[in-house]
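The values are calculated or read from the model by the stated rules, or taken from the named source; none is laboratory data. Quick caveat, the model's predicted, so the values are computed rather than measured. Positions of Cβ are generated from backbone atoms using ideal geometry, with glycine treated the same way; all protein chains shown enter the neighbour counts. These accessible areas exclude ligands, DNA and RNA; they are computed on the full protein's heavy atoms, side chains included. Shrake-Rupley method; radii C 1.70, N 1.55, O 1.52, S 1.80 Å.
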Amino acid sequence: MTIQKDSAVTIRLTVVDGKGKVLESGKTPVAYLHGYDNLLPKIEVALQGQEVGFKLAMNLSPEDAFGVRDESLLRTISKKDFPPGIKVGGMMEGYSETGEQMVYTVLKIKGDQVMLDGNHPLAGSSLKVNVQVLDIRAATAEEIAHGHVHGEHGHHH
Ligand SMILES: [Zn+2]
């Protein structure tokens with residue numbers, strides 16, 4: 001059996017960012033539904049048509065991972081508009097100047113000003129990705145309807 005759209009695929013995934021920080025250690029296998037952008041598109045393309053035992057090692061540029069940084073997504077708000085209990089490094093939901101809902105990372109708090117970053121935390125990072133294919137099966141109709149894989153290494157609900 002090869003990996004195709006609607007395959008439930010169990011993989012061992014390790015991801016290291018450009019600074020050598022381990023984002024995914026690969027200790028626990030993960031199961032994903034192929035063909036639904038559950039993994040980064042470049043990774044799914046590389047896995048398409050492969051069999052159990054296939055090993056992939058690839059370097060992704062920021063453009064192929066979570067995008068380049070956009071400095072226009074930095075915002076400063078007043079501390080009085082800031083929900084209590086959030087610390088530097090924390091995440092909060094908010095709205096951009098154009099009214100779009102965004103997730104912001106709190107960069108720093110200076111006086112009564114709070115600096116927020118609307119970039120994805122991994123924007124600007126290149127990623128070193130290793131994948132080993134452990135299992136492939138056809139997904140169930142329920143899994144396809146949900147857009148994710150159930151069972152031991154998938155979603156529990
Ligand atoms: Zn589900």
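Take the conditions surrounded by 11 or more Cβ atoms within 10 Å (Cβ to Cβ), in contact (Cβ under 8 Å) with a residue 24 or more places away in the chain and within 30 Å of T140 (Cα to Cα) and apply them to N59. Does it pass? So N59 fails the test.
Kindly establish whether G35 is open to solvent by less than 30 Å² (accessible area, probe 1.4 Å), under 21 Å from H150 (Cα atoms) and among the small types (G, A, S). For G35, the condition - open to solvent by less than 30 Å² (accessible area, probe 1.4 Å), under 21 Å from H150 (Cα atoms) and among the small types (G, A, S) - is not met. The conditions of being under 28 Å from M58 (Cβ atoms), within 11 Å of the ligand (Cβ to nearest atom) and not hydrophobic (A, V, I, L, M, F, W, C) are met by G147. When you look at K21, is it open to solvent by 80 Å² or more (accessible area, probe 1.4 Å), within 14 Å of L127 (Cβ to Cβ) and not aromatic (F, W, Y), yes or no? Yes: the conditions hold for K21. Of everything in segment 106-144, what is among the hydroxyl-bearing types (S, T, Y) and away from the ligand (no atom under 16 Å from the Cβ)? Give them in sequence order. Matches in segment 106-144: S125, S126.
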